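Let me begin by presenting the structure, written as structure tokens, before commenting on it.
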Amino acid sequence: MITLPHALHVTLRANARAGRICEERGERFDPLPVLKLFNPLGAATWIATELDDDGDTLFGLADLGFGCPELGSFSLREIAGLRLRFGLTIERDIAFIPRAPLSVWAETARRLGSILHAEQALRRAVPPGNILPSRDG
């Protein structure tokens, strides 16, 4: 069971609304990821910036461990429903620090082949408490 604390849910929903507003205005929207989910037994990792009105569809960067992280939508219910060996499930990283906008995560993860490698690189490149600007800003 993946539990989204109220504040996290509110932030994901606010990002979805802000994204729609920016799209209507023709403006770029490049928020910080606010949620990281991971497989404790493997390489699958998801980082999300937005949650749709349905309360299930997340938008962000998905990495199933095949070396090709991709931006897109994914289902929180489907991810939460995955059953792993030893009775484990997909977990939320409660210590996740975004460090950079989603575009930077995507570019870094694609270049390095995984969200996990991107996280290590961003941790080295961005001091605690700082945020790396987006590629356009």
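The values are calculated or read from the model by the stated rules, or taken from the named source; none is laboratory data. This one's a predicted model, so the numbers in the text were calculated from it and none came from an experiment. All Cβ positions, even for glycine, are placed from backbone atoms using ideal geometry, and neighbour counts span all protein chains on display.
Mind listing whichever residues of segment 111-137 are under 21 Å from G19 (Cβ atoms) and modelled with pLDDT of 95 or more?
Within segment 111-137, just I115 meets the criteria.
Matching residues to (1) closer than 15 Å to I115 by Cα; (2) touching a Pro at 6+ places or on another chain (Cβ under 8 Å); (3) of a type in the set (A, V, I, L, M):
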{"position": "R20", "(1), (2), (3)": "no, no, no"}
{"position": "R28", "(1), (2), (3)": "no, no, no"}
{"position": "P31", "(1), (2), (3)": "no, yes, no"}
{"position": "D52", "(1), (2), (3)": "no, no, no"}
{"position": "T57", "(1), (2), (3)": "no, no, no"}
{"position": "G65", "(1), (2), (3)": "yes, no, no"}
{"position": "L71", "(1), (2), (3)": "yes, no, yes"}
{"position": "L82", "(1), (2), (3)": "no, no, yes"}
{"position": "F86", "(1), (2), (3)": "no, no, no"}
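Return the pair list, or none, for Cβ contacts closer than 8 Å from residues in segment 4-19 that are on the phi > 0 side of the Ramachandran plot to residues that are β-branched (V, I, T) and in a helix (DSSP H, G or I), at least 6 apart or on different chains.
That search, which allows pairs on different chains as well, returns nothing.
Restricting attention to segment 40-50, which residues are modelled with pLDDT of 95 or more and either out of contact with any Pro (no Cβ under 7 Å at 6 or more places or on another chain) or over 26 Å from G81 (Cβ atoms) (or both)?
A44, T45, W46, E50
Give the residue, chosen from G65, G26, G72, that is closer than 21 Å to L122 by Cβ, surrounded by fewer than 20 Cβ atoms within 10 Å (Cβ to Cβ) and at pLDDT 95 or above.
G72
Go through segment 79-104 and count every residue that is at pLDDT 95 or above, among the charged types (D, E, K, R) and farther than 17 Å from G42 by Cα.
0
Would you confirm, using the coordinates I've provided, whether D93 is surrounded by 13 or more Cβ atoms within 10 Å (Cβ to Cβ), closer than 22 Å to G113 by Cβ, out of contact with any helix residue (DSSP H, G or I) (no Cβ under 8 Å at 6 or more places or on another chain) and in contact (Cβ under 8 Å) with a residue 40 or more places away in the chain?
Details: surrounded by 13 or more Cβ atoms within 10 Å (Cβ to Cβ): yes; closer than 22 Å to G113 by Cβ: yes; out of contact with any helix residue (DSSP H, G or I) (no Cβ under 8 Å at 6 or more places or on another chain): yes; in contact (Cβ under 8 Å) with a residue 40 or more places away in the chain: yes.
In short, yes.
Filter segment 32-79 for residues that are closer than 24 Å to A7 by Cβ, part of a strand (DSSP E or B) and of a type in the set (D, E) and give the result.
Scanning segment 32-79 gives a single hit, E50.
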